[in-house]
Amino acid sequence: MSILITGSAGHLGEALMRTLRTAGRPAKGIDIKASPFTDYVGSIGDRDFIRQHMRGIKSVIHAATLHKPHVATHTNQDFIDTNLTGTLVLLEEAVAAGVGSFIFTSTTSAFGSALTPAPGEPAAWVTEEVIPIPKNIYGVTKVAAEGLCELFFRKHRLPVIVLRTSRFFPEADDDAAIRGKYGIANTQANEMLYRRVDIEDIVSAHLLAMEKAPHLGFGRYIISATTPFTREDLTSLRANAPQVVSRLFPEAEALFAMQNWTLFPHIDRVYVNQLAMKDLEWRPKYDFQHVLHCLRTEKDFRSPLAIEVGSKGYHSTLFEHGPYPVE
């Protein structure tokens, strides 16, 4: 019995395929793009293609998606066709084939406007209990696809785990103000405090979810690096984040300064991974303490897997004013 990985030419799909192949575990990668990690080229919306490659599959990890960077370059219908209809086809064919577990890669972007507190309010403490308020078609289709996943558990008893992953893309931030003030590494080091996760830790969460799904039945989990912050820090984070960081990590500012980096002045949200750590027994290895250790020892704070996968981009076109156009 094998594992089916959708989106095998993408960042996460490649990382999953690399990890499974290295471990000698049977896996099939499918994608609309050819790649060294794609065994079969085709669309997740093509039922005949999916039915053919669902035979002999024990578990599905569904990482294929149109992302936020595609919002300005693809139509709403494109998002529905890929993120919603494609997920429906996979779920239906997984049930028909007697698949034992289905892991759906979702996103913390699904929370949308719920992530942005009103002026003067504390930073948001983001757990699975926060109700999503999608801001764009990407968020809408991911939330709807999560709903389909839950429906198929309730109606067909297909064990499904939804993983809402935080940022792990290696590309520059789409916000011009952030790009203008902070380098990519500086930005991503800051984000490890509250809204980023290393791809190696995402892979381990997916593989654990695949094992735990038959027991858990259904669940939604935030997959993000373990934050050092608590609820008591939220007001201060919104007003003066460096003060909080320096209290928790007295050497952080000096280590950042050696790289000509700076801490973010304000933090508006904190992703909380406690439920994933409890239910999935997930133990992420990469966090802000790891970042500081790497700065001390003059090492890259990314995992070896993140370095191997590298940067892929989301479009074949290069854009003049950023890594991708913003709607």
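The values are calculated or read from the model by the stated rules, or taken from the named source; none is laboratory data. Worth saying up front: this structure is predicted, and the values here are computed from it rather than measured. A quick note on method: Cβ atoms are made from the backbone with ideal geometry, for glycine too, and the neighbour counts reach across all protein chains shown.
A few remarks follow.
- Members of segment 149-178 found to be within 13 Å of Thr105 (Cα to Cα), not in a loop (DSSP other than H, G, I, E, B) and not hydroxyl-bearing (Ser, Thr, Tyr), listed by number: Cys149, Val160, Ile161, Val162, Leu163, Arg164, Arg167
- Test: residue in segment 95-115 that is free of Cβ contacts under 8 Å to residues at least 12 places away in the same chain and closer than 23 Å to Arg47 by Cα: yes
- Where a residue in segment 244-269 is under 14 Å from Asp233 (Cβ atoms) and free of Cβ contacts under 8 Å to residues at least 24 places away in the same chain and its partner, wherever it lies, is outside any loop (DSSP other than H, G, I, E, B) and aliphatic (A, V, I, L, M), with Cβ under 6 Å and at least six apart: Val244/Leu237
- Segments classed as helices (runs of 4 or more DSSP H), wholly inside segment 1-79, with at least 2 members that are buried (at least 16 other Cβ atoms within 10 Å of the Cβ) and polar (S, T, N, Q): none
- The lone criterion from (1) farther than 20 Å from Leu295 by Cα; (2) part of a helix (DSSP H, G or I); (3) touching a helix residue (DSSP H, G or I) at 6+ places or on another chain (Cβ under 9 Å) left unmet by Thr235 is number (3).
- Restricted to segment 211-239, and to residues there that are in contact with a Ser or Thr (Cβ under 7 Å, 6 or more places away or on another chain) and either buried (at least 21 other Cβ atoms within 10 Å of the Cβ) or of a type in the set (Gly, Ala, Ser) (or both), the residue that is farthest from Tyr271 (Cα to Cα) is Ala213.
- You will find that of Glu121, Glu129, Glu93, the residue that is of a type in the set (Asp, Glu) and farther than 23 Å from Pro159 by Cβ is Glu121 and no other.
- Residues in segment 240-258 that are surrounded by 15 or more Cβ atoms within 10 Å (Cβ to Cβ) and among the small types (Gly, Ala, Ser): Ala241, Ser246, Ala252.
- Per-region count, segment 80-94, residues surrounded by 21 or more Cβ atoms within 10 Å (Cβ to Cβ) and either free of Cβ contacts under 8 Å to residues at least 60 places away in the same chain or not polar (S, T, N, Q) (or both): 6
- Odd one out for Ser59, checked against (1) in contact with a His (Cβ under 9 Å, 6 or more places away or on another chain); (2) closer than 17 Å to Ala97 by Cα; (3) of a type in the set (Ser, Thr, Tyr): (1)
- Failed condition for Thr73, given (1) modelled with pLDDT under 95; (2) of a type in the set (S, T, N, Q); (3) within 26 Å of His215 (Cβ to Cβ): (3)
- Pairs with Cβ under 7 Å, 6+ apart, first in segment 166-181 and touching a residue at least 40 places away in the same chain (Cβ under 8 Å) and farther than 23 Å from Asp201 by Cα, second among the hydrophobic types (A, V, I, L, M, F, W, C) and assigned to a loop (DSSP other than H, G, I, E, B): Asp174/Val326; Arg179/Ala172
- Meets criteria (modelled with pLDDT under 95, surrounded by 14 or more Cβ atoms within 10 Å (Cβ to Cβ), under 21 Å from Leu115 (Cβ atoms) and not hydroxyl-bearing (Ser, Thr, Tyr)) for Val272: no
Residues checked against (1) in contact with a strand residue (DSSP E or B) (Cβ under 7 Å, 6 or more places away or on another chain); (2) part of a loop (DSSP other than H, G, I, E, B); (3) farther than 24 Å from Leu84 by Cβ:
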position: Phe102; (1), (2), (3): yes, no, no
position: Thr105; (1), (2), (3): yes, no, no
position: Ala110; (1), (2), (3): yes, no, no
position: Ala118; (1), (2), (3): no, yes, yes
position: Glu121; (1), (2), (3): no, yes, yes
position: Trp125; (1), (2), (3): yes, no, yes
position: Ile131; (1), (2), (3): no, yes, no
position: Lys135; (1), (2), (3): yes, yes, no
